[in-house]
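The values are calculated or read from the model by the stated rules, or taken from the named source; none is laboratory data. Bear in mind the structure is a predicted one, so any value in this text is a computation, not a measurement. Positions of Cβ are generated from backbone atoms using ideal geometry, with glycine treated the same way; all protein chains shown enter the neighbour counts. Keep in mind that these areas ignore ligands, DNA and RNA; they rest on the heavy atoms of the full protein, side chains included. Shrake-Rupley method; radii C 1.70, N 1.55, O 1.52, S 1.80 Å.
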Amino acid sequence: MVLDSKFNIHLGWRASGGHVYGGSNVCIGVNSSNDLDGTLQQYNTMVGTSAGLEHTSGDNNTFIGYLTGPANNAASGGSNNTCLGNGAQISGT
């Protein structure tokens, strides 16, 4: 199902978890941003295998590299984050 989806790029097995919502998102790599929850995220960039894997919602995030992004569900909905490099992660409550 496609809801209000514009200008997105999803390349790779399970990129964006099969969800296509929001706009101007780029998910490139196996499992990149796999846990998107279906809300209208915008302006996110996830590049690399499992980049943004735990990311569920939020805008203006950049995760580049293997396993970059939220470290757990407590940090999964943040906005305006940048993680660069193998395993670079954010955590929070």
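If you take the residues of region 48-63 that are at pLDDT 90 or above and surrounded by 20 or more Cβ atoms within 10 Å (Cβ to Cβ), which of them is nearest to the chain's Cα centre (by Cα)? Steps first, please.
The initial filter retains those residues of region 48-63 that are at pLDDT 90 or above, namely 48-52, 59-63.
Still in the list and also surrounded by 20 or more Cβ atoms within 10 Å (Cβ to Cβ): 48, 50-52, 61, 63.
Working: G48: 10, S50: 9, A51: 7, G52: 4, N61: 8, F63: 7 Å.
Step by step, filter region 48-63, then rank; the result is G52.
Please specify each residue of region 69-89 satisfying the condition of being open to solvent by 40 Å² or more (accessible area, probe 1.4 Å) and not small (G, A, S).
Across region 69-89, the qualifying residues are N72, N73, N80, T82, L84, N86, Q89.
What number of residues in region 6-33 are over 20 Å from L84 (Cβ atoms), open to solvent by 60 Å² or more (accessible area, probe 1.4 Å) and among the hydrophobic types (A, V, I, L, M, F, W, C)?
Number of matching residues: 2.
Every residue in region 34-46 that is open to solvent by 50 Å² or more (accessible area, probe 1.4 Å) and hydrophobic (A, V, I, L, M, F, W, C), please.
Residues of region 34-46 open to solvent by 50 Å² or more (accessible area, probe 1.4 Å): 35, 37, 39-40, 42-43.
Listed by number, the list holds a single entry, L40.
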